[in-house]
Each structure stands twice: as structure tokens, then as C-alpha cells.
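J.: Once you've had a glance at the structure underneath, I'll fire off some questions.
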Amino acid sequence: MIKDSLADLAIFGGTPAFAEPVHVGQLNLPPWNEFEQAFNGIFDRRYFTNHGPLVQELDRRLAGYLGVRHVVCVTNATVALMVACKALDLDGEVIVPSFTFPATVQALFWAGLTPVFCDVDPATHNISAELAAPLVGARAAAILGVHAWGRAGDTAALQDLCARRGIHLFYDAAHGVGCTHDGRSLAAFGELAVFSFHATKILGSGEGGCLATDNDDLAQRIRTVRNFHVSESVARVPLRINGKMTEAQAAMGLLGLDHLPRWIQRNRELYERYRTWDSCRSLGGFVDYARGGQSNCQFCVFDIDSARFAMSRDQLQRLLRSENILARRYFFPGVHRLAPYCTLDPEAGARLRSTEALCGRLLQLPLGTGVTADCVDRITGVLDLCLRHGADIARRLPQEQA
Ligand code: T4K
């Protein structure tokens, strides 16, 4: 049912738009029979981890898919970033956006590095060479860029800056499986790129992630860091860890790769359907994926103009949640506001203007195989009602929700 009066809103006593929660995560699963067959193989072989045949196959297939010489699968993308720091043998400061998931910065910290927060370009939601350059000081070891929502920023200018200053450049491409920039996968930029296969990503293996690189020597070091004791490769590295992916994860990842084109296509259709909601174009609405390359449309990022909506992003989120639409505030808050960074760099917010603004405006709406075209219509129906009656709604919301 499309809601058309304020009394229809669940927050004012109406029936929620959805009987069950609708999530933002992708939660894309292969058919059960394929999964069962893959698991039968694992049980037959009685080989569960330590670079088993499925992990090796996933490494190989991903390298082909991403168009790089080496892919090394690991436990998750957070561990992949930690492995990256040790494989690159970094020491000192790393320039990184605060507008990211906390994992990006936590990995640096676990690797003993000092994050230096950089603001983002409001057009791309990514750091740029212009913003990063003044932060490259004597202790700078690297820039860690994030391809937010799978959209690349100005990779060429960042590459040029790092080459001139003699520092490393690597990327957190956690969102980027299936995305391209200038005709190449996101694995092609920087010395290495990290991808996530978390359950909520377009290609999921429960937990999981990988490092991708074209550099043979770096790949050898990555493989060495990934395993805590002597095994498949031994290079000189400062520290090692257990970052091995299991066969169960690899089985799911391999099946996911087979279904990935279909999942991307479905996301694209749903994303386009959101965009056909007339009012959104005049609102500035949904983050645009049309520039620079192909997108997996994994995130439906809604940029809320509070003045035109007459309510804040957080009020809108609460209202949507009461309808069982579990919209999320990615990314919120900026990582600089989280412990321990807020005490280490308490003034960071003052120089992170765009980060602060984006953290207050963006809302992720549901996408993925758990969502249908009808779901999208019902969600945009609620948004439309909010847009038309924003001031009334904001006035009537319980005081603590204002
Ligand atoms: N770098 C960047 C830029 C990242 O965005 C991330 C992770 C990383 C690095 C680190 O990657 P990993 O180490 O995770 O590989 C979720 C994901 O857990 C996280 O992987 C992701 N980014 C982030 C953007 O989103 P949460 O804390 O919001 O997840 P959660 O559990 O609240 O789930 C989101 C929604 O999905 C909820 O509505 C519940 C639903 N859900 C979730 C799971 C796990 C399900 O319905 N079923 C499920 O199995 O972080």
C-alpha cells in the first residue's frame, strides 16, 4: 500500500510499510543446492583451511576478474588492511580520510601507524591530492585512499603526489568488487587495493577480503604476512599474523562470483527505480554513479537536503525505521570523532568540513536481492510523503525525536 496521509505513517500509529525489516546489506546468497554441493566437497576432502584448493581457486579467479597478477584472500578486509601495512613495511604517519568505516583507520592503528585525517571532496566523497598534499609531512609513509561506494576519486593526481613525495599509495576498495574507473577495475590503482567480502557486500563470503596487486615482490610479502609461520612463501617482513581464509568462505566466494553479474544488474535496476522517483532529481537525491566508470550499485546513497525536507537526516532515519525500513547512516560519525582518535586529534573536526557535512546528510537505503521493485516503490512512497509534509511531521514528532 502506498501511504498518502500522515496518519498512515507508523510513527503516528499507522501500519508499518513492511511487516519484516528491510536491510541495507546485500545478503546475496547462492542457491542452497550449489552451496551444499560445494560443502560436500570440503567435507570429502577433509581439508578446511591453510590455503586449501578452494582458496587457491578463488585467488586465481579473482585475479582474472580484477585484472591483476596477484590476489591474496584473507579473513576479512580489516585484516587485509593490517596485512597491507606490514607488507609495505610502513612506519610513521598515514594520510587517510575520516569519512570511512572505522575499520580503515583501526587497521592502521593496529599496525602501529599514526592516522592523519584528510577531508574529502564533496563531489566524489573521496580524498583528493589537493586536500592531502598539505598533510604530507616528514613522517608521512603513505596515503591510504578509500573508494567510497566503489567510486574512485582523482587517482592520477594522488599517484603523482605520492611519487613526487616518495611515499606509498594504497587503497581501501572494500566496496569496489565489480566497479571500474577509466576502464579498469579498482584493483589497478595504487600499489595494492583491498576488497571486502563481508556478508553485506555485493560479493559475500560471510567474512572475507583480499589484497590485489600487480607487484610480484609485494605479493610475496603479502603472502608471508598472511600466515603466522613458515609456509607457501617466505619474504622479509616486519611482522606476521594469521589472516588465512577458510575453505568455507572460499566456497561461498566462488559461487558468488558466478552470480555476481546478475546481482549487479539487479542492483542497477533497483537503483534506477529509486532515481525515477520524480522529486529526487530536484532534491539532489541519490549519489550519482554515472561518472568515470561502471558501478556495482551496492549502496543507494541518499543525500538529504534538510531544508527542503523540513526535517533532519536523523529524524528521517527514525521515521523510516518505524516503517521497518532499516536505513543506515554510513558513514557516521566521522572516524575522527571516535575513540581513541578524538582525544589524540581533538581539533580534527575543524579542518574536516566536508566530512562533517556528509556525515550529517547521507542515508543508505535498502538494495540487494532482499529488495524488490515493489519495495523500492513503497520506500519512495514514504519518502515522498515525508517530503510533502516534512514541516508537519517534524512538528508532530515526539519531543525527544526532534
Ligand atoms: N573499509 C570500508 C570502507 C568498509 O566499509 C568496511 C566494512 C571495511 C573496510 C571492513 O571490511 P570487513 O573487515 O568487514 O571485511 C557493515 C559491515 O559489517 C561492514 O563490513 C561494512 N564495511 C559496513 C559498511 O557495513 P555494520 O556494522 O553497519 O553491519 P550490520 O551488522 O549492522 O549490518 C548492516 C545491515 O545488514 C543491518 O540492517 C543488519 C543486516 N544484516 C547484516 C548481517 C551481517 C543481515 O541482515 N544479515 C547479516 O548477516 O557494518
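J.: I'd like to know if the range 317-337 contains one or more residues that are open to solvent by 10 Å² or more (accessible area, probe 1.4 Å) and over 28 Å from residue 26 (Cα atoms).
T.: No, the range 317-337 contains no residue that is open to solvent by 10 Å² or more (accessible area, probe 1.4 Å) and over 28 Å from residue 26 (Cα atoms).
J.: May I pose another question? How many residues does the range 265-283 hold that are touching a Phe, Trp or Tyr at 6+ places or on another chain (Cβ under 8 Å) and crowded, with 20+ Cβ neighbours inside 10 Å?
T.: 2
J.: Next up: So, of the residues in the range 365-396 that are surrounded by fewer than 21 Cβ atoms within 10 Å (Cβ to Cβ) and polar (S, T, N, Q), which turns out to be nearest to residue 269 (Cα to Cα)?
T.: Looking at residues that are surrounded by fewer than 21 Cβ atoms within 10 Å (Cβ to Cβ) and polar (S, T, N, Q), I get 372.
J.: So, one more: Return the residues of the range 170-199 that are away from the ligand (no atom under 13 Å from the Cβ), surrounded by fewer than 23 Cβ atoms within 10 Å (Cβ to Cβ) and hydrophobic (A, V, I, L, M, F, W, C); say none if nothing qualifies.
T.: Listed by number, the list holds a single entry, 188.
J.: Identify, by number, the condition in (1) assigned to a strand (DSSP E or B); (2) away from the ligand (no atom under 16 Å from the Cβ) that residue 211 doesn't meet.
T.: (2)
J.: Between 137, 92, which is farther than 21 Å from residue 70 by Cβ, open to solvent by less than 10 Å² (accessible area, probe 1.4 Å), more than 15 Å from the ligand (Cβ to nearest atom) and not aliphatic (A, V, I, L, M)?
T.: After applying the criteria, what remains is 92.
J.: Specify the residue that is modelled with the lowest pLDDT; the eligible residues are those in the range 352-397 that are of a type in the set (Asp, Glu) and under 28 Å from the mean Cα position of the chain (by Cα).
T.: That would be 384.
J.: Only residues that are open to solvent by 10 Å² or more (accessible area, probe 1.4 Å) and under 26 Å from the mean Cα position of the chain (by Cα): list them for the range 200-245, please. Don't jump to the end; show me each part of the working.
T.: First, pick out the residues of the range 200-245 that are open to solvent by 10 Å² or more (accessible area, probe 1.4 Å): 200-201, 206-207, 214-217, 220-221, 223, 228-232, 234-242, 244.
Scanning the range 200-245 gives 200, 201, 206, 207, 214, 215, 221, 223, 240, 241, 242, 244.
J.: For the condition more than 30 Å from residue 10 (Cα to Cα), at pLDDT below 95 and within 15 Å of the ligand (Cβ to nearest atom), what is the one hit in 29, 62?
T.: Every option except 29 fails the conditions.
J.: Please state which one of 262, 291 is farther than 23 Å from residue 373 by Cα, among the charged types (D, E, K, R), surrounded by fewer than 18 Cβ atoms within 10 Å (Cβ to Cβ) and more than 16 Å from the ligand (Cβ to nearest atom). If you could, list the steps in order and put the result at the bottom.
T.: Values: 262 fails: farther than 23 Å from residue 373 by Cα.
One residue alone meets the criteria, 291.
J.: Residues that are assigned by TED's automatic domain parsing to the domain that holds residue 93: which helices (runs of 4 or more DSSP H) entirely in the range 279-363 hold 1 or more of them?
T.: Where helices (runs of 4 or more DSSP H) fall fully within the range 279-363, none carries at least 1 residues being assigned by TED's automatic domain parsing to the domain that holds residue 93.
J.: So which pairs qualify, if the first residue must be in the range 73-85 and within 22 Å of residue 140 (Cα to Cα), the second must be among the basic types (Lys, Arg) and more than 7 Å from the ligand (Cβ to nearest atom), the Cβ gap must be under 7 Å, and the two must be at least 6 apart or on different chains?
T.: Pairs found: 83/226.
J.: So, one more: Collect the residues in the range 149-203 that are touching a Leu at 6+ places or on another chain (Cβ under 7 Å) and acidic (Asp, Glu), keeping them in residue-number order.
T.: Within the range 149-203, 172, 191 qualify.
J.: Can I ask one more? Could you check how many residues of the range 345-365 are hydrophobic (A, V, I, L, M, F, W, C) and free of Cβ contacts under 8 Å to residues at least 12 places away in the same chain?
T.: Quick first cut of the range 345-365, residues hydrophobic (A, V, I, L, M, F, W, C) only: 348, 350, 352, 357-359, 362-363, 365.
Then drop every residue that is not free of Cβ contacts under 8 Å to residues at least 12 places away in the same chain, which leaves 350.
Total meeting the criteria: 1.
The values are calculated or read from the model by the stated rules, or taken from the named source; none is laboratory data. Because the structure is predicted, anything quoted here is derived from the model rather than measured. All Cβ positions, even for glycine, are placed from backbone atoms using ideal geometry, and neighbour counts span all protein chains on display. Remember, those area values only see protein heavy atoms, side chains included, never the ligands or the DNA or RNA. Shrake-Rupley method; radii C 1.70, N 1.55, O 1.52, S 1.80 Å.
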